[in-house]
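Some notes on the structure that comes next.
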Amino acid sequence: MGGTHSFKVDARNEHVKIYVNGEIVPRKDAKISVFDSGFLLGDGMWESFRFHKGKLAFVKEHMERLNENAKALDIRLHMSDEQIIEAVYSTVRANNMTSDVHIRMIVSRGLKATPFQNPRVNIGNPTLVIIPEYKVTTGADDPLNLYTVHVRRGQPDVMDPKLHPLSKMNCILACIQVNAAGADEGLMLDPHGFVAACNSTSFFIVKNGEVWTSTGKYCLHGVTRGNIIQLCKENSIDVFEKDFSLIDVYSADESFVTGTFGGVKPVSHVDGRIIGDGNRGPVTKRLGQLYHQLLEDECA
């Protein structure tokens with residue numbers, strides 16, 4: 001698989017142990033009920049973590065996002081932040097993992113008495129699953145080819161794009177279109193036609209030394225996105241969260257995307273247009289270096 005989530009295949013992942021509702025079991029034994037809300041309805045949320053040099057990177061920000069989603073979806077977590085974090089550490093310890101690990105946490109509303117959408121038929125506590133994998137990105141310096149898809153980030157009164165729901169159908173439809181176009185990832189617009197984000201990463205452009213990203217109204221609360229914005233402010237790089245359209249993208253000097261797994265990755269093409277000279281630009285390179293140092297300091 002290419003793109004922002006390209007990774008080296010690691011045979012150890014076939015034998016990882018996974019946390020399922022308080023038990024840490026071999027991958028082949030990790031199961032949930034067919035009456036689970038996540039399976040039946042996509043009723044739940046997800047969070048991701050990067051485990052680097054024995055430490056969860058930016059765990060405070062990731063837990064704030066998890067709690068924000070739980071509150072919005074009215075999923076009442078039966079564990080404290082400290083207990084959830086300890087569950088993650090227990091899982092990586094059970095796997096003897098030390099670094100280069102990507103973790104996906106799944107929280108569903110839990111079991112249902114019958115297959116029906118109303119939370120009133122739920123019984124018991126939420127389901128918590130923690131899946132750690134050995135994951136090292138490949139082609140970190142290879143620029144990405146993006147394609148603008150017809151699927152848009154929706155209005156918050158339909159499906160708030162800041163949420164992390166288990167149902168990712170709009171992004172999956174974007175991926176289908178991207179795959180057919182032979183691109184790496186989909187660039188998604190907001191309901192007004194302005195650039196919002198990519199299907200699984202945050203999107204930035206560089207124009208005349210300034211860094212632009214969307215207003216944030218129609219994209220996830222990206223932890224890496226927030227770190228990049230803060231790094232710009234701390235290092236005298238002008239950064240703006242603003243509306244901009246595809247004409248601004250096509251004429252940009254540089255472009256890059258950010259995410260928990262891939263960090264900072266350059267963009268070479270959008271809809272067949274070459275961005276800048278098609279290579280990692282100086283601002284993208286500098287921000288990549290600053291982010292790498294921030295990660296090292298965070299996990300020192």
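Any read-out appearing in this document is the output of simple, stated calculations on the displayed coordinates, not a laboratory observation. Please read all numbers here as calculations on a predicted model, not as lab measurements. Reconstructed Cβ throughout: ideal geometry from the backbone, glycine too, with neighbour counts over all protein chains shown.
Side notes on the structure shown:
- Multiplying the residue separation of ASN125 and ARG273 by 0.36 nm and subtracting their alpha-carbon distance yields 48.3 nm.
- Mean Cα-pair separation over length for the chain, i.e. relative contact order, pairs under 8 Å, 6 or more apart, %: 19
- When +1 charges are put on Lys and Arg Cβ atoms and -1 charges on Asp and Glu Cβ atoms, the dipole computed for the chain relative to its Cα centre reaches about 680 debye.
- Shown for PHE39, PHE116: other C-beta atoms within 10 Å of each C-beta, ranked fewest to most, produce the order PHE116, PHE39.
- Set of the stretch 258-300 residues, backbone N closer than 13 Å to the point 7 Å along the Cα-Cβ line of LYS53: 292-300
- Debye, to nearest 20: dipole size of the stretch 128-233, +1 on Lys, Arg Cβ, -1 on Asp, Glu Cβ: 280
- Between ALA94 and LYS71, the FRET efficiency estimated from the beta carbon spacing at R0 = 30 angstrom works out to 0.50.
- Ranked ILE247, ILE75, criterion: other C-beta atoms within 10 Å, fewest first: ILE247, ILE75
- Sorted fewest first by neighbouring Cβ atoms within 10 angstrom, HIS150, HIS164 come out as HIS150, HIS164.
- Calculation over all alpha carbon pairs of the chain in 20 angstrom steps from 0 returns a P(r) of 32, 58, 9 percent.
- Residues of the stretch 106-126 with amide N under 18 Å of the 7 Å Cα→Cβ point at ASP160: 107-109, 119
- Across LYS53/LYS135; LYS17/LYS71; LYS135/LYS265; LYS207/LYS265; LYS71/LYS242, pairs whose alpha-carbon gap is larger than 21 Å: LYS17/LYS71; LYS71/LYS242
- FRET efficiency, THR114 to GLU82 (Cβ-Cβ, R0 35 Å, nearest 0.05): 0.50
- Options ILE131, PRO282, ASN170, ranked by Cα towards positive dipole end of the chain, top entry (Cβ charges): ILE131
- Positive-end extreme of charge dipole, the chain - chosen from HIS192, PRO115, SER251 (charges on Cβ): PRO115
- Taking the Cα centre of the stretch 178-242 as reference, the dipole from Cβ charges on Lys and Arg (+1) and Asp and Glu (-1) amounts to some 120 debye.
- Taking other residues whose beta carbon is less than 12 angstrom from the beta carbon of THR4, and scoring Lys, Arg as +1 and Asp, Glu as -1, yields -2.
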